[in-house]
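Below: the structure, in structure tokens.
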Amino acid sequence: MHALVVDPAAPGSVRLTEIPEPVADGDDVLVEVWHAALNYGDLNDARSGRVPPGAVLGSDLAGVVLRSGPSGPAPGTKVVALARGAFAEQVVVDVGSLAEVPASVDLAQAAALPVAGVAALRALRAGGAVLGRRVLITGASGGVGRFAVRLASIAGAYVIASVGRPERGAGLTELGADEVVVGLDDIDAPVDVVLDSVGGAQLVAAWQLLAPGGSLQSIGWTSGEPAVFPPYSTIGPPKSLTSFINDGLFGDELADLVRLVESGALPVELGWRGSLKRFADAAEALRGRRVNGKAVLDVVDNQPTP
Ligand SMILES: NC(=O)c1ccc[n+]([C@@H]2O[C@H](COP(=O)([O-])OP(=O)(O)OC[C@H]3O[C@@H](n4cnc5c(N)ncnc54)[C@H](OP(=O)(O)O)[C@@H]3O)[C@@H](O)[C@H]2O)c1
């Protein structure tokens, strides 16, 4: 089968190649992958060695079950999952990290949910109840950011979405942002919760905007810059900065996200879509900050209707 494997000698550190089909046993579920989504983390993983040379890259996939154990969904069921090695025509998935996808939900949209959607959902929940509270989301134009804007809006927050350039704010008001700002300089009142995926100077500025009792969830660090806190900026009424990592099993949150998509409450914005063969273009667009929302790769061409 075709798969995108890490190869430090290849352009972009990945290579499309043929590898043997995987074998699932026990309760594992074998999925034929129709679509896979690209995450910022995948770009890092290909270069950092976190996914070793020769291993298949990718985490987000949606497709159709080929084989299942006693507690998994029947063959033919449409599913979305978070699994290692998603950029391949077939992937073995832990039964606890998938959710069924109803007929009314497009599998390409479902594929966009796992890493970014679960991160947004978990980080928002970790920040506590947000009804009527001011929530600042940095990197709001990206995958995590757009899901976070919508989820915070559904939860009743006053949402401030921060982007890098005015055009990156396109569609955020429609998603539920009450304010769309470029950088953080124009925010004129404290915020109660911050979901930060930019790090560096923006994390420091967001910390300084945080109200007493507030919490900042540090999800990512796309700026790649150090965060330098001015002296005494951590002295004062208690507020918290919490680290964040997507780990464990993902099935419950994926099911929550699929239900929200099915009901129409959570639109999924695909800012880039193309064949797995065009991975390099997708990666360049994501790195170049030109994808509004998620980039989705079509893995199996000419999918039949299940
Ligand atoms: N901890 C976890 O488990 C977890 C889970 C998911 C994601 N993450 C991390 O969260 C971050 C966002 O992921 P994503 O998938 O949403 O990425 P994404 O879709 O590429 O979006 C990232 C956003 O960050 C902003 N950005 C990019 N480069 C920047 C730079 N040099 N300076 C300032 N802003 C920059 C961009 O917004 P503008 O162009 O508008 O500035 C972009 O929309 C990444 O660091 C990722 O690794 C972590």
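Based on this model, can you work out whether residue 59 counts as farther than 30 Å from residue 258 by Cβ and of a type in the set (S, T, N, Q)?
Spelling it out, it is not the case that residue 59 is farther than 30 Å from residue 258 by Cβ and of a type in the set (S, T, N, Q).
In the set 290, 278, which member is under 24 Å from residue 164 (Cβ atoms) and open to solvent by 30 Å² or more (accessible area, probe 1.4 Å)?
That would be 290, the only listed residue that is under 24 Å from residue 164 (Cβ atoms) and open to solvent by 30 Å² or more (accessible area, probe 1.4 Å).
Hey, any hits in the range 149-160 for a residue that's assigned to a loop (DSSP other than H, G, I, E, B), open to solvent by 20 Å² or more (accessible area, probe 1.4 Å), farther than 24 Å from residue 62 by Cα and touching a residue at least 40 places away in the same chain (Cβ under 8 Å)?
no
Taking the condition hydrophobic (A, V, I, L, M, F, W, C) and touching a Ser or Thr at 6+ places or on another chain (Cβ under 6 Å), does residue 103 pass?
Spelling it out, it is not the case that residue 103 is hydrophobic (A, V, I, L, M, F, W, C) and touching a Ser or Thr at 6+ places or on another chain (Cβ under 6 Å).
Among the candidates 135, 130, which residue alone is in contact with a Gly (Cβ under 7 Å, 6 or more places away or on another chain) and farther than 21 Å from residue 255 by Cβ?
130
Is it the case that the range 11-19 has a residue that's assigned to a helix (DSSP H, G or I), of a type in the set (Ser, Thr, Tyr) and open to solvent by less than 30 Å² (accessible area, probe 1.4 Å)?
Quick first cut of the range 11-19, residues assigned to a helix (DSSP H, G or I) only: 11-13.
From the residues that got through so far, the ones that are of a type in the set (Ser, Thr, Tyr) too are 13.
Next, only the ones that are open to solvent by less than 30 Å² (accessible area, probe 1.4 Å) stay: 13.
Yes: one or more hits.
Restricting to the range 169-193, name every residue that is buried (at least 22 other Cβ atoms within 10 Å of the Cβ), within 13 Å of the ligand (Cβ to nearest atom) and assigned to a helix (DSSP H, G or I).
Correct list: 172 only.
Any chance the range 26-44 includes a residue that's open to solvent by 60 Å² or more (accessible area, probe 1.4 Å), assigned to a loop (DSSP other than H, G, I, E, B), at pLDDT 95 or above and of a type outside the set (Val, Ile, Thr)?
Scanning the range 26-44 turns up no residue that is open to solvent by 60 Å² or more (accessible area, probe 1.4 Å), assigned to a loop (DSSP other than H, G, I, E, B), at pLDDT 95 or above and of a type outside the set (Val, Ile, Thr).
Restricting attention to the range 198-219, which residues are in contact (Cβ under 8 Å) with a residue 60 or more places away in the chain and either among the polar types (S, T, N, Q) or open to solvent by 20 Å² or more (accessible area, probe 1.4 Å) (or both)?
198, 202, 209, 215, 217, 219
The values are calculated or read from the model by the stated rules, or taken from the named source; none is laboratory data. What you see is a predicted model; the values in this text were computed from it and never measured. When we count neighbours, we look across all protein chains shown, and the Cβ atoms used for this are built from the backbone with ideal geometry, even at glycine. Ligands, DNA and RNA are excluded from the accessible area calculation, which covers all protein heavy atoms including side chains. Shrake-Rupley method; radii C 1.70, N 1.55, O 1.52, S 1.80 Å.
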